[in-house]
Structure formats: structure tokens, C-alpha cells
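To start, the structure under review is shown below, and the notes come after it.
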Amino acid sequence: MRYGDLIFISGLPPFDETFSRAVREAGNRASDSSFPESAFAEQARLVMDNMKRLVEAAGSNMDCLLKVIVWLRDQRDAEEFDRIYRTYFSGRETLPARTRIQAGRTPMDCGLEVEAIGYVPRKLAHSAAPGRRRKARRSARRK
């Protein structure tokens, strides 16, 4: 979701395209879908790769994230998550503010879920047409 120069990424679980499609097709039975077991590191990379794709699709980059919230199924995975997470940013100074907590339960008992708030840099904001089109459509609907 984009609002002006801000981008909001809702909770991202470690679902790949195949699993996401299966959940969508299951519809109301989505809770019956069982999450495929995979190593925590693989899940963390999948979530971060998906976040990176979303941020870039909005015309931004990972260094423009301002706040990240991470829910872990097991806090013992925190160190491994941090090791992977840091590789998605250009340096320590670009790490966003972050909250990392252990969740009572994650979607389908996967290892983690992540959400973020960021921005599109001004020089890139003017070339990111999808956000402007969305805003224009909303204005047109209000009239």
C-alpha cells in the first residue's frame, strides 16, 4: 500500500508463490492448508526477498525502510533472523527502527511474519507512476 511517498507492507509470512496460490484457491478452507515445513533460515530469506521485491516495486529500496516489526514463532530464532536481516541493508546506519517479538501464534504456525513502513525517495517518487495513478483514482471517486 502506498500513501504519498510512504509505503506500508502488511504482515508477510514466508509463503512462496505456489503456497500462496494454494491458500487463495482453498478460499474459506485456507485454515486447512498446512504450511510446508522448511528451515527457519529459508523462511527468513523468503520473507525478506518478498519484502525487497515489494519495496522495489513501489519505487524504493530496503535502505528507505523506517520501521520493521517482526513476529517470531520462537524467540530462539532471533539471532539467526538478525544475521539474515542485516544482509538486506547497505550498512548499520541504514537499519530501520525495529521491533522483534515472539508471537503467541504465527499464520499457519510458520516461523515468522514481518511488516514494514518505508518511503519512496523524492527523486524516485516522481517516476513511480502506480502510486500517482492510485491517488488520482481515489480523488476521482470522491467527486
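The values are calculated or read from the model by the stated rules, or taken from the named source; none is laboratory data. Please read these numbers as outputs of a predicted model, since none were measured by experiment. Here the Cβ is made from the backbone with ideal geometry for all residues, glycine too, and neighbour counts use every protein chain on show. Accessible surface areas use protein heavy atoms only, side chains included; no ligands, DNA or RNA. Shrake-Rupley method; radii C 1.70, N 1.55, O 1.52, S 1.80 Å.
Structural remarks
- Solvent exposure, largest accessible area first (probe 1.4 Å, DNA, RNA and ligands not counted), of 120, 23: 23, 120
- Accessible surface, 1.4 Å probe, highest first, among residues 123, 52: 123, 52
- Loop GluC sites (Glu not before Pro), the range 1-109 (other Cβ atoms within 10 Å of the site Cβ: 16 or fewer; DSSP): 37
- Accessible surface ranking for 101, 7, 1.4 angstrom probe, highest first: 101, 7.
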